[in-house]
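Below is one structure, written out as structure tokens; the observations come after it.
None of the figures in this text is laboratory data; all of them are computed from the coordinates on show. This structure is a prediction, so every number in the text was calculated from the model and none was measured. For neighbour counting, all protein chains shown are included, and Cβ atoms are generated from backbone atoms with ideal geometry for every residue, glycine included.
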Amino acid sequence: MELKSRDLEGRQKILGAMVLGVGLIFILRLFAMQVTTSHWKNKAERLTEEQETLQPARGLCLDRHGELMVTNAPSYDLMVVPRLLGEVDTTSLAGILNLDPDELVTRLNKASRYSRYKASPLVRQLSSREYAQLSLELWKYPGLSIRTRSVRQNVQGLASQIIGEYREADREDLNRDDRYQLGDYLGKSGLEARFEHQLRGTPGVRHHLVDVRNNVRNTLTELDSMPVPGSDLTLTLDAQLQAYAEALLEGKRGAVVALEPSTGEVLAFVSAPSYNGNLLTGTGRGQAYDSLASHPWKPLYNRAVRGTYRPGSIFKMVQGLVALEAGIISPRTTIVCNRDIIGCHGAHTSDDLKHAVVHSCNPYFYEVMRRMLSQHDEQDKFDNARLGMGWWTDRIKRFGFGTDLGGNLPGTRSGLVPDSSYYDNIYGRRHWTFRTIYSISIGEGELLTTPLHMANLAAIVANRGWYIEPHLVRDVGGRGKPEGLGQRREVGISPEHFEPIQDAMQAVIDDPTGTGRRAKLAGIAYCGKTGTVQDGSRADHSVFMAFAPRDNPQIALCVYVENAGAGGEWAAPIASLLIERYLTGTVSQEMRERRILGATYPLDPQFAQLP
Amino acid sequence: MSARNLRLTAQLDWTTLGLVLLLVMLGWLNVVSATAEAEVVWDLTGKAGKQLIWMAVCAVLLVGLLAVEGEFFIRTSVIHYVLVLLLLMAVLVVGKKVGGARSWFGVGSFGIQPSEFAKTATALMISWFLSRDGRPWHTLATRLQSLIILGLPAGLILLQPDAGTVLVFGGFVFVLYREGLSGNVLLVGVGLLVVGVLTVLIGAGTSDYPWLGEASGYWWFLMAFASLGTLVLWLVHEATLPRNRKRIRRWGTALLVGGLAFSAGIHWGMEQVLQRHQRERIHVLLGIDVDNPDADYNIRHAKAAIGSGGLVGKGWASGPMTAYGFVPEQETDFIFCTVGEEWGFLGSALVVGLFVLLILRVLVLAERQRSQFTRIYAYAVASIMFMHFMVNIGMVLGLAPVIGIPLPFFSYGGSSLMGFTLLFGILLRLDAERFSVLR
């Protein structure tokens, strides 16, 4: 019995050891959790710390005179924390939000899947008015709150196609650039996209401590940083000229490109029909986009840089210049208007270069082209045509045709200047001669140019032999023109050869029988050239290019009005109004202006007879 | 009278009292922090203020207990025990239902939990019963009667149901062990725990059976357990001396059949008795993937709070996890999360160390007694403390299932504090009288 009792006394050691063992296990476990790993620490931080991104103010867009074109405006996202919202009557909430109840349920489920504790957007970009209405009802729903964010506002709704869209980053953007997070906005097209990095600025961050209901309870300031605003973009556009050009093209399809010849800066840039870019922000974006995308006139299609047209008779000036430079003709060379080989118009029999341009004489330029292509004295007519074609293509491309003109404007297309191999592909090698391809001599056939190319041609003629690649940006954040903009290009034509061309272009306007007589402006001596481009069975495209004034040119431009008729009827008067407005700030030809502003398709032939 | 008091202060075990007071103070600081009520402590309206009132009440109670002769507790043991049994029965009828269990008497804004006092009363009762003459442990009658004394209150508490407190009653096995219960009982207990864990782990999956197709993986386990067990039993049987074989056969078969029955019972209980959320809790604890993000919400947040404390913690009242409501029940059962987050590894290890010291100190007190009653009672106190300590801290560290029992002297709550004050007050008084006991 005594032995037994001592035996039992030993059991206190076993019990003590158990207590110590458990304590030791706990301490080891604590050490593992608290000291050896940051796993739990990170987990706790994810739960309690929330990083609020402070969006920087996006850079503004100004016109060349500093007038505000694109600014930032507040917009309101309705956010939901599903856990706090709990069970609600979705029908009445849908009524308040002006949403379909099924759509609301879908969105609530999506938000719940993202997080039940964190806020996610339920309705994006409410307008101030919608927000004001909603805020009266908001208190009834504990899980709903408003997040203010900044959206773009185009002050006058101008140049929307070229400024482009600023909207939410999609999956692809997020994968490409990890500086963007879900829900961030970025420039998706146009200048907004091209200058995204300069416009965006640097986001700041603020660290909060949140409680289990995601209320902000405290701030941690040591890691915070302030946002750095984006750089302002000063455009080369003249807002007033742009607004006027858009107004003149209202109700029509077409394009206007106006350049400053000495700098290559784009003064006005219109693709009609244009639209107000503000439509593409806010809750109505989807609907507005669909209606633009399905419109038969394709307003989303930027005709000014992407519309490719045959150059028509305007191209004859280029032919003349190349031939003069090569010595194939002189300004005094006359060619008989032989209408047996190619049709012509107007009363003339034999013209020199100036008059051939004024009269737009087809046989003259047919003959010029023939001489250019056959200047190589090869025995074989096919080889001769091939060599001649190569020589010709090189010189035409120096005018910027068939190139993207430096590609400084978003979406620029190159158009087409055919070369020997192009024809080899169509007809087969040694299966074509000048007679096969002669229609390019008068700007028809396979040639394709954009309105930008034509405006640039006006600038080349104004400058007498050079141009600067067209561009849209004058200054970024006070640091001047971005590098690469403003490259000067020589076209390889001596300045004196432009004299007869400019004479002819002035006569187009000043001559009482000139095709551009409807574009005459009192007190401004300037140069222009009409073009009338066939479009299958539809009415011709009306085209006019011009620069003004002839001495010391300030503006070079090109106007396209699709399916409107002859160049002199519509494009020329529109160009004259723009020139006068730009040079003098006023419009004296009120009748002319009224006729243009009132015109919509079908353009009334009777109306078109008025001066 | 005065001479007696002098003797009491001289004999009182100040080490134990000091440890208890230290734990109470540290606990209260953490309650203040966890309830984020540092500013309303002194107007006594918040939880921290209420706890201050309870602390004052318990201080008075402690002084009162120390003034009572130890003989009083011994003689009234049965009365306390019966009283508590009546209260436990009454609470099942008129009790307030809180969190699915009927374990509270509501008195105004205060609530009283009779199960907290049942521990003390049962400790007194078992000490009285086993220390009486003529009750040698080795008789079957004593064993069965002891089992009934412990089982009655435990059974009533299970009806509430309050699994945590029942688990604490399981701690009395240590008292019985010290008084002569075979160590094999503890070993069998550990063995059953292993079998239970394996049952749940394997039963949670499915298996592809020949001819039968896919079914619960449990049947595979049961077959393996039975065949392997038989094989081992046979090998042991063959390896022992012939004269011991009969004993091996009898006990081995009993163990094997009992184990199989236990395993089947656990499996049946998991599938049929437990509710889905309870089953998920057990699965979470054993690391089985649960297809419900909320299932391990509590323990995940508790572990994140403790783990984020680092070496030295975030400082008192500066832990965002506990201050901002991420940890559930953070002023009561999960109070240790606050310690972990705000005081870091050093503070947590200190608190764990204090508890270990306190329990070991009580074991020392137990072994220095001449009175058998006091020794058994002290073992009961140590066992109850040990179970609370092990289950509560084990739970927040993710080592034990989520079972809601308070951390003694630390957790917010008047009944708990008062229950442990009674437990320790009686112990201190009995210990102080140890030299006046004649053998």
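With the charge dipole of the stretch B:77-155 set up from +1 on Lys and Arg Cβ and -1 on Asp and Glu Cβ about the Cα centre, the Cα lying farthest toward the positive end among the listed residues B:Ser131, B:Ala90, B:Val78 is that of B:Ala90.
Give the calculated FRET efficiency between A:Gln487 and A:Arg176 to the nearest 0.05, with a Förster radius of 41 Å applied to their Cβ-Cβ distance.
On the way: r = 29 Å, r/R0 = 0.70.
Calculated value: 0.90.
The modelled label-to-label distance between A:Asn276 and A:Ala525, using points 7 Å beyond Cα along the C-beta direction, is 4.5 nm.
Test of understanding: what is the full-extension gain from A:Ser291 to A:Arg149, defined as 0.36 nm times their sequence separation minus their Cα-Cα distance?
On the way: separation 142, 0.36 × 142 = 51.12 nm, distance 2.62 nm.
Residue separation times 0.36 nm, minus the Cα-Cα distance, leaves 48.5 nm.
When the helices in chain A are scored as -39500 (n - 2.57) per DSSP H run of 4 or longer and the sum is shared across all residues, what 222 nm value do you end up with, to the nearest 500 deg cm²/dmol? If you can, show how the numbers build up before the last one.
Details: 25 runs with 233 residues, N = 611.
Mean residue ellipticity at 222 nm (helix-derived): -11000 deg cm²/dmol.
Figure legend: label point modelled 7 angstrom from the Cα of A:Asp100 along Cα→Cβ; residues of the stretch A:260-295 with amide N under 14 Å from it are A:287.
Helix A:101-114 and the longest principal axis of the C-alpha atoms of chain A enclose an angle of approximately 60°.
Potential lengthening of the chain between A:Asp89 and A:Asn425 amounts to 114.1 nm, from the contour at 0.36 nm per residue minus the alpha-carbon distance.
Relative to the longest principal axis of the Cα atoms of chain A, helix A:239-248 runs at roughly 70 degrees.
Based on DSSP H runs of at least 4 residues, each adding -39500 (n - 2.57), what is the mean residue ellipticity at 222 nm of chain B after dividing by all its residues, to the nearest 500 deg cm²/dmol? Could you put the intermediate results ahead of the total?
Working: 18 runs with 299 residues, N = 439.
Theoretical 222 nm ellipticity from helices: -22500 deg cm²/dmol.
Computed over the alpha carbons of the stretch A:51-235, Rg followed by Dmax gives 18.3, 56 Å. In a reduced charge model with +1 at each Lys and Arg Cβ and -1 at each Asp and Glu Cβ, chain B shows a dipole moment near 1880 debye about its Cα centre.
Once the Cα atoms of helix A:362-373 and of chain A are each reduced to a long axis, what angle between those two axes, in degrees from 0 to 90 to the nearest 10, is obtained? It is inclined by approximately 80 degrees. Under a model in which nothing but the beta-carbon of Lys, Arg (+1) and Asp, Glu (-1) is charged, the protein assembly as shown shows a dipole of about 4240 debye around its Cα centre. Within the shell defined by Cβ-Cβ distances under 11 Å, the residues around A:Gly411 carry a net charge of +3, with Lys and Arg each +1 and Asp and Glu each -1.
Relative protection proxy for A:342-352, B:183-193, from highest mean packing down: A:342-352, B:183-193 (other beta-carbon atoms within 10 angstrom). Averaged over peptide A:31-41, the number of partner chain Cβ atoms lying within 10 Å of each residue's Cβ comes to 6. Working note: Karplus 6.51/-1.76/1.60 with θ = phi - 60° gives the stretch A:529-542 the couplings 8, 7, x, 10, 9, 5, 9, x, 8, 7, 4, 5, 7, 9 Hz, where Gly and Pro are set to x.
Consider a paramagnetic label point 7 Å from the Cα of A:Asp394 along Cα→Cβ; state which residues of the stretch A:291-328 have an amide N under 18 Å from it. The answer is A:319, A:321-328, whose backbone nitrogens lie closer than 18 Å to the label point. The distance from the alpha carbon centre of the stretch A:133-166 to that of the stretch B:290-359 is 43 Å, rounded to a whole number.
Fully extending the segment from B:Leu21 to B:Phe72, taken as 0.36 nm per residue of separation minus the present Cα-Cα distance, adds 15.9 nm.
For peptide B:335-346, what's the mean number of Cβ atoms from other chains within 10 Å of each residue's Cβ?
Details: counts 0, 2, 0, 0, 1, 4, 3, 0, 0, 3, 8, 3.
Mean partner-chain Cβ count within 10 Å for B:335-346: 2.
The tail of the calculated P(r) for the stretch B:77-155 beyond 14 Å holds 64 percent of all Cα-Cα pairs. Think of chain B as a dipole: +1 on every Lys or Arg Cβ, -1 on every Asp or Glu Cβ, centred on the Cα centre; then among B:Asn30, B:Leu354, B:Ala323, B:Leu354 lies furthest on the positive end. Ranking A:Leu292, A:Val105, A:Tyr117 by Cα position along the charge dipole of the protein assembly as shown, where only Lys, Arg, Asp and Glu carry charges on their C-beta atoms, puts A:Tyr117 farthest toward the positive end. Inverting the pair-averaged 1/r between distinct Cα atoms of the protein assembly as shown gives 37.7 Å as its Kirkwood hydrodynamic radius.
Output the peptides A:63-76, B:389-402 sorted from most to least packed, where packing is the average of other Cβ atoms within 10 Å over each peptide's residues.
Details: A:63-76: 17.4, B:389-402: 21.6.
Order by mean packing, descending: B:389-402, A:63-76.
Our note on the geometry: Cα centres of the stretch A:62-77 and the stretch B:360-439, 74 Å apart.
What number results when the radius of gyration of the stretch B:189-285, computed over Cα atoms, is divided by 2.2 N^0.38 Å? Working it through for the stretch B:189-285, the quotient is 1.28.
Please state the charge dipole magnitude for the stretch B:189-285, taken about the Cα centre, from unit charges on C-beta atoms (+1 on K and R, -1 on D and E), reported in debye and rounded to the nearest 20.
Details: 9 positive and 5 negative charges, 142 e Å.
Here the stretch B:189-285 has a charge dipole of around 680 debye.
Taking a ≥ b ≥ c as the square roots of the eigenvalues of the Cα gyration tensor, the stretch A:438-579 is classed as prolate, since a/c reaches at least 1.5 and a/b is larger than b/c. Cα centroid separation, the stretch A:266-310 to the stretch B:119-166: 88 Å.
For chain A, compute Rh as the Kirkwood radius over C-alpha pairs and then the Stokes-Einstein diffusion coefficient at 4 °C and 1.567 mPa s; write the answer in µm²/s, rounded to an integer. Translational D for this selection: 45 µm²/s.
In this simple spin-label model, placing a label point 7 Å from the Cα along the Cα-to-Cβ direction at both B:Leu186 and A:Leu416 gives a separation of 9.6 nm. Listed values for the stretch A:575-582 are Karplus-derived 3J(HN,Hα) couplings in whole Hz (6.51 cos²θ - 1.76 cosθ + 1.60, θ = phi - 60°), namely 4, 5, 4, 5, 5, 4, 4, 6, and x replaces Gly and Pro.
Peptide A:16-24 is shielded by partner chain Cβ atoms: per residue, an average of 6 of them sit within 10 Å of its Cβ.
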